[in-house]
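J.: Take this structure first; my questions come after.
Each reported figure results from applying straightforward, stated rules to the coordinates on display, with no laboratory input. Since the model is a prediction, treat every value here as computed from it, not as a measurement. All Cβ positions, glycine included, derive from the backbone under ideal geometry; neighbour counts span all protein chains shown.
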Amino acid sequence: MKGSKADLLRDVPLFAGMTTSELEFLVGRTDEASVDAGRTLISQGDSGDTFYVLLEGEMDVSVDGKHRVTLGPGRFFGEISMLDRGRATATVVARTPARLMVMSHAQFRDAIKANDHLLGRVMSAAAGHLRRDAMEQQA
């Protein structure tokens, strides 16, 4: 994957519509990480302190030991714990080697405080994830 970090983020639906200056502000609050297949990034029930945007590779998401979804590039996870500082609602494991943009809680807090539009999108996405999980548990 080529391009600047801002270009990479521009292709993530969560950040679509952000201006170049907003993306550059966000880039200044992210780190980049590469992980091997099989690495657990989030464990359900553990304290969550990181927000991830998947740039390359795939991640498996499970809840209560049941596979829920496989995430691909452009998807993100960890936002629920970032919003409420609660425990992780799912386990996320790298299915393949992957490259991610990573934000600590402090970086995430700074980014959403600076952009109400981004906060709204993150909250909407978190609600969607929780709703989907609740519907699957009822089925």
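J.: Just need the relative contact order of the chain here, percent rounded to a whole number, with Cα pairs under 8 Å and 6+ apart.
T.: About 29 percent, as a whole number.
J.: Counting Lys and Arg as +1 and Asp and Glu as -1, each charge on the Cβ, what is the dipole of the chain about the Cα centre in debye, to the nearest 20?
T.: Here the chain has a charge dipole of around 160 debye.
J.: Still on this structure, I have one more. Given only helices, namely DSSP H runs of n ≥ 4 each adding -39500 (n - 2.57), what is the per-residue ellipticity at 222 nm of the chain, to the nearest 500 deg cm²/dmol? Let's see the in-between values first.
T.: On the way: 5 runs with 52 residues, N = 139.
Calculated at 222 nm, the ellipticity per residue is -11000 deg cm²/dmol.
J.: If a helix is a whole DSSP H run, which ones in the chain reach 15 Å or further along their own axis (Cα) and hold a mean Kyte-Doolittle hydropathy of at least -1.0?
T.: Flagged H segments are 116-138.
J.: Which of the three applies to the range 86-132, rounded, prolate or oblate, going by the alpha-carbon gyration tensor with a ≥ b ≥ c and a/c under 1.5 meaning rounded? Numbers along the way, then the final one.
T.: On the way: a/c = 2.00, a/b = 1.29, b/c = 1.54.
It comes out oblate by the Cα gyration axes.
J.: Right, another one. Got a sec? Charge dipole of the range 5-130, +1 on Cβ for Lys and Arg, -1 for Asp and Glu; which of A16, G120, P73 is way out at the positive end?
T.: Comparing the listed Cα positions along the dipole, G120 ranks first.
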